[in-house]
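One structure below.
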Amino acid sequence: MNSYLNDLVANAPVMIVTMTVLVAMLVEAVRKTRPVAIYYVSMIGLAFAAVFAITNLTVEGTSFGGMLLHGGYANFFGALFCFVSFFTIILSRNYFERQKYHRGEFYILLLFATIGMMLIASANDLIIVFLGIELMSVCLYVLAGFMRTKERANEAALKYFLLGAFATGFLLYGIALIYGAVGTTNLTMIRNVFAVVSTNILFVIGAGFLLIGLAFKAAAVPFHMWAPDVYEGAPTPVTAFMSTGAKAAAFAAFITLFIRTFDFIGGQVNELLAVLAAASMILGNIVAIAQSNVKRMLAYSSIAHAGYMLVGIATGTLDGQVGVMFYLAAYAVMNLGAFAIISLVEHEGDQNLLLDDYAGLSYSQPLLAVLMAIFMFALAGVPPFAGFFGKYYIFLAAIKAKMVWLAIIGVLTSLVSAYYYLRLVVFMFFREGRANIETPPSRIVLTMVVVSALLVLLLGLFPSIIIQTAQRYF
Amino acid sequence: MASGFILTTTIFLPLVFTVVIFFLPKENIKGIKLVALSGSIVTFLVSLFLFFGYDAAIGGFQFLHKVTWIGSLNISYFVGIDGMSLLLILLTTFLTPLALLGTWNSIEKQLKGYSIMVLLLEVGMIGVFASLDLFLFYIFWEAMLIPMYFIIGVWGGPNRVYAAVKFFLFTLFGSVLMLVAIIWLGYFASTVPGGQFTTNLFDLYRIAPLLPVNLQMWMFAAFGLSFAIKVPVWPLHTWLPDAHVEAPTAGSVILAGVLLKMGTYGFIRFNLPLFADASLRAMPFMCLLAVIGIVYGALVAMVQTDMKKLVAYSSVSHMGFVMLGIFSMTEEGLQGAIIQMINHGLSTGALFLLVGMIYDRTHTRSIADYGGVAKLMPVYATFLMIISFSSIGLPGLNGFVGEFLVMLGSFKSTLLDNRWFAVVAGLGVIFSAVYMLWMYQRVMMGPVRSDGLYGGHHLTDLTKREIAVLVPIVLFVVWIGVYPKTFLSKSAPLVKHTVEQMESVKRGSPIRFAGSLQCNLESK
């Protein structure tokens with residue numbers, strides 16, 4: 001009993017969020033008409049969980065009979081997910097109040113998805129990986145179609161659900177095959193016997209299926225088909241959450257499985273990963289050029305960013321892992337910032353989302369335009385912003401792993417990406433227009449956006465903050 | 001280490017003033033202008049400490065300042081200057097206040113953003129010339145694109161969006177491949193015995209002779225492409241006329257005056273010493289491109305109808321001289337190249353200012369709209385005359401020194417061993433006289449227009465402010481023309497060492513390019 005209690009305490013970040021969601025559900029039952037109460041409860045819970053996660057970055061261990069990891073790696077991602085969730089919640093209240101769709105259950109679903117993500121990062125067993133992914137995905141299906149009176153939202157949710165269920169099938173089948181080959185689902189044990197089983201065809205196919213399932217969740221080519229429609233149809237804060245949080249969760253699983261557990265370095269599985277990475281970078285960036293809707297453009301850009309991170313996974317090395325972890329953090333702050341501004345500029349009923357609607361934004365809303373420009377330059381990978389260092393580290397890992405061709409594709413496609421990111425800057429700054437926003441941004445949202453812009457600069461100039469932490473977990 | 005702080009201060013001083021401007025209200029136009037101008041002047045004054053503090057007798061890199069930055073990747077904030085970077089930093093800090101003052105009333109919208117961008121640009125430019133860590137260098141090199149992009153795109157001419165995007169993408173294209181090469185080079189450093197991943201330039205100089213030749217060729221190409229686009233070397237120059245014509249005057253001055261030099265600077269600082277074998281192999285090819293650029297730029301300049309475009313193409317021609325000087329790999333050639341960078345910065349900067357000044361009055365740059373201006377603007381005519389002669393290379397003015405040294409160097413270069421390059425380059429000098437004098441004649445000479453209006457405006461001669469901008473430039477134009485030793489002596493140690501290294505590589509017994517650096521590392 002005592003050790004059980006210790007396990008609960010060790011996994012405090014997950015537990016705090018779980019407690020929060022329970023409280024939130026009670027509040028929801030009592031005060032149905034006032035979703036604001038849940039808003040505050042969720043924020044407080046997430047803040048506590050994040051603080052706890054950050055203060056316990058150095059302890060590491062397993063709990064619940066080796067099923068869960070706690071501290072260290074799990075907390076790094078735990079803190080990241082709490083940040084993403086926290087940001088999304090602030091954004092959502094502002095957004096849904098303007099759209100007249102403010103409901104308490106939104107926050108509850110969001111928190112459940114966050115728990116799922118945190119479980120993925122804490123997983124030390126394939127079953128937990130699966131549980132986490134499902135918990136996250138089911139909530140996201142609902143969240144994508146949260147504005148259920150809108151056709152596009154329905155389309156997004158249904159599409160996401162059908163394709164997602166398909167991917168889940170792959171994931172589960174992969175786990176089954178691996179269990180068949182190794183006789184266990186525990187990752188520590190799989191790692192220990194990896195040298196023996198890595199030639200077992202069942203095992204390799206199982207790993208391949210896992211790869212497909214995760215690539216789907218990460219929206220990597222050729223499993224990206226759902227992403228543009230879902231990202232466009234979902235409410236903007238949910239899109240922000242999916243493109244940062246859910247992607248980070250998928251990559252947490254990628255790192256756990258393909259770097260920390262499997263050791264396919266130089267083998268065919270990693271070559272496959274490299275091909276997926278190259279395809280995602282090329283397709284995502286090139287198709288993004290043709291988009292006129294900003295949300296859709298960022299959807300394709302997020303496919304491309306999945307490609308950059310897959311480069312890190314494909315190396316299979318510590319450098320690759322650190323690069324991906326840094327990239328995820330950098331991508332989270334810059335993409336959340338960009339989506340926050342999109343949600344502020346957006347008008348009721350999915351209006352004002354086209355590039356043309358941003359023409360002349362620097363004249364009517366100079367602060368928003370400058371912040372958006374920072375996020376765009378960061379996403380394009382221009383120094384001194386965080387996106388640049390993320391790419392630097394990932395290409396460094398690729399070159400060290402003798403994958404120079406992948407690095408060259410990476411830099412050339414980021415050149416392509418500069419074109420469409422800059423196009424938004426062109427519209428905002430170089431064109432005259434009547435771009436404006438419906439209601440002035442609320443102070444808390446604006447603060448959050450400014451904070452993330454500062455983080456983009458801070459992580460770009462002093463990346464050691466994250467690098468040193470990430471290097472410890474291998 | 002204390003002296004290193006002066007350099008760091010010079011780099012980041014303009015940044016301090018941008019913060020001040022940021023907190024000034026948008027309506028306080030005068031205040032913003034004054035802060036920006038005084039910021040750039042103070043930076044110039046501080047940079048004079050570098051000029052007088054640099055000891056050319058010792059040579060090598062001085063004012064070193066090193067702080068660990070990203071420990072796990074062995075990256076440090078590492079700056080220091082030698083004679084060449086010293087001269088270019090001074091050129092930067094000298095031209096920036098003049099560009100601001102010269103366009104005092106030309107910017108009508110969003111002055112606050114404009115002033116911030118110009119000062120940020122200055123930070124980037126000084127940083128590029130001072131960086132001794134390739135990672136740091138790359139940060140400055142790329143980050144500098146952002147302010148220039150905005151300067152062209154927001155405050156430029158009618159076709160500014162196209163020009164700004166083209167400028168950005170062209171330069172980015174070159175630099176991303178350089179990024180791969182930088183990482184590769186750092187990785188190579190970790191594969192030599194006892195090595196570790198590094199982007200520290202001194203460490204890389206040390207391991208450079210170990211680079212296999214085929215790897216060198218790739219790296220030379222990756223670095224070279226990035227620098228050649230910036231110079232710009234023919235046929236990569238197409239972004240330049242667009243960017244120049246659309247940019248506001250101050251943007252053109254800084255673009256021509258300083259930004260182009262970053263390319264040629266890069267060749268001398270990185271390509272020659274790091275990839276010596278590859279440089280020797282690429283030498284005839286690079287000289288060929290340089291000479292084509294000289295002649296092509298001059299011929300295209302000759303047929304331009306727009307004054308700014310004419311000056312822009314003349315840049316292609318003049319920068320060809322710099323490239324020829326560098327790849328002649330003689331002391332005369334390299335000295336000529338370095339002094340020619342300064343010359344081009346001064347005279348082309350001044351030409352853009354002069355074109356801008358008359359454009360502010362008439363709002364036309366078409367040569368056909370002018371004629372007889374000398375009678376109405378005698379002071380302007382005098383300045384334009386002096387600067388045109390400087391650009392042509394009249395003996396006694398700065399242009400002559402640079403072009404003469406470059407041609408001498410390429411003529412007698414034993415490594416190049418082909419005198420035709422110098423001969424053809426000589427043609428370029430003649431052509432440059434043709435297009436400059438012809439433009440002068442069409443704009444300044446002849447009868448005054450019958451209605452006395454140019455572009456619908458009356459002409460008034462230069463104001464005191466404008467004269468104050470031009471006088472310092474003319475001063476240096478004459479100074480370099482009469483007594484270049486003040487400046488040549490600063491870059492002499494670097495040039496001597498580079499040539500020695502090249503010749504030793506050719507002989508097959510390479511000396512590493514660190515000899516003269518090390519003593520300074522210890523002594524400082």
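Laboratory data are not the source of any read-out in this text; all were calculated from the coordinates shown. Bear in mind the structure is a predicted one, so any value in this text is a computation, not a measurement. Virtual Cβ from ideal backbone geometry, glycine too; neighbours counted across all protein chains shown.
Structure summary
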| item | result |
| --- | --- |
| For chain A, diffusion coefficient by Stokes-Einstein and Kirkwood Rh (Cα), 10 °C, 1.306 mPa s, µm²/s | 72 µm²/s |
| Cβ-Cβ FRET estimate between A:Y4 and A:A47, R0 fixed at 35 Å, reported to 0.05 | 0.85 |
| Value of [θ]222 nm, deg cm²/dmol, for chain A, DSSP H segments ≥ 4, -39500 (n - 2.57) each, nearest 500 | -24500 deg cm²/dmol |
| Shielding by other protein chains, A:187-199, mean Cβ within 10 Å | 0 |
| FRET efficiency estimate (nearest 0.05) - Cβ-Cβ, B:K412 to B:V478, R0 35 angstrom | 0.80 |
| Given charges at beta-carbon only (K, R positive; D, E negative), |dipole| of the range B:284-507 in Debye | 120 debye |
| Gyration tensor (Cα) of the range A:1-128, equivalent ellipsoid semi-axes in angstrom | 29, 15, 12 |
| Euclidean distance between Cα centres, the range B:98-114 to the range A:455-474, Å | 39 Å |
| Per-selection Kirkwood Rh - the range A:279-360 (Cα, Å, 1 d.p.) | 13.9 Å |
| Under 5 Å, built H, 5+ apart or other chain: amide partners of B:T103 | none |
| Rh by Kirkwood over Cα pairs, then Stokes-Einstein D for the range B:306-354 at 0.692 mPa s and 37 °C, µm²/s | 296 µm²/s |
| The range B:145-232: mean projected area of Cα convex hull, nm² | 6.6 nm² |
| Equivalent ellipsoid semi-axes, the range A:167-319, via Cα gyration tensor eigenvalues times 5, rooted, Å | 30, 15, 12 |
| Ordering of B:93-100, A:333-340, B:20-27, B:281-288 by burial proxy (mean other Cβ atoms within 10 Å per residue, highest first) | A:333-340, B:93-100, B:281-288, B:20-27 |
| Coordinate range along principal axes, alpha carbons of the range B:228-275, Å, largest first | 37, 21, 8 |
| Estimated FRET transfer efficiency when R0 is 60 angstrom, pair B:K496-A:T447 (beta carbons, to 0.05) | 0.55 |
| Per-peptide average of other Cβ atoms within 10 Å, ordering B:490-499, B:349-358 highest first | B:349-358, B:490-499 |
| Test item: B:90-96 mean partner chain Cβ contacts at 10 Å | 0 |
| Binned Cα-Cα distances of the range A:279-474, short to long, each 10 Å bin given as a whole percent | 10, 36, 34, 16, 5, 0 |
| Ordering of A:83-91, B:450-458, A:150-158 by burial proxy (mean other Cβ atoms within 10 Å per residue, highest first) | A:83-91, A:150-158, B:450-458 |
| Ellipticity estimate at 222 nm from DSSP helix runs (n ≥ 4, -39,500 (n - 2.57)) divided over chain B, nearest 500 | -24000 deg cm²/dmol |
| Cα-based Rg of the range A:1-73 normalised by 2.2 N^0.38 Å, two decimals | 1.30 |
| Estimated translational D of the range B:284-507 in µm²/s (Stokes, Kirkwood radius over Cα pairs; 10 °C; 1.306 mPa s) | 88 µm²/s |
| The range B:8-122 pair-distance distribution - Cα-Cα, 5 Å bins, rounded % | 2, 11, 20, 18, 15, 13, 10, 7, 3, 1, 0 |
| Cβ neighbours within 10 Å from other chains - mean over B:178-186 | 5 |
| Distance from the range B:444-481 to the range A:93-125 (C-alpha centre basis), Å | 67 Å |
| Evaluated over the range B:204-360, the Cα radius of gyration and Dmax, each in Å | 16.1, 56 |
| Under-5 Å amide H pairs with B:D306, H placed in peptide plane, nonlocal only | B:I367 |
| Convex hull volume per residue for the protein assembly as shown, taking Cα atoms only, in Å³ | 160 Å³ |
| Whole-number Å³ per residue for the convex hull built on Cα positions in the range A:131-222 | 90 Å³ |
| Relative contact order computed over chain B (Cα-Cα under 8 Å; 6+ residues apart), in percent | 16 percent |
| From the C-alpha gyration tensor of the range B:182-289, square roots of 5λ in Å | 31, 16, 10 |
| Cα-projected label distance for B:E331 with B:D451, points at 7 Å along beta-carbon direction, nm | 6.2 nm |
| As computed over the range B:419-492, the Cα convex hull volume per residue (Å³) | 163 Å³ |
| Span-like helix ranges in chain B, DSSP H, alpha carbon extent 24 angstrom or more, Kyte mean at least -1.0 | B:2-22, B:29-53, B:83-102, B:111-130, B:160-191, B:213-230, B:276-302, B:307-328, B:331-362, B:420-444, B:464-482, B:485-507 |
| Value of Rg to Rh for the range B:99-140 (Rh from inverse mean 1/r over Cα pairs, i.e. Kirkwood) | 1.16 |
| Centre separation in Å (Cα based) which lies between the range B:231-302 and the range A:1-38 | 64 Å |
| Along each principal axis, Cα extent of chain B, largest first, Å | 78, 57, 41 |
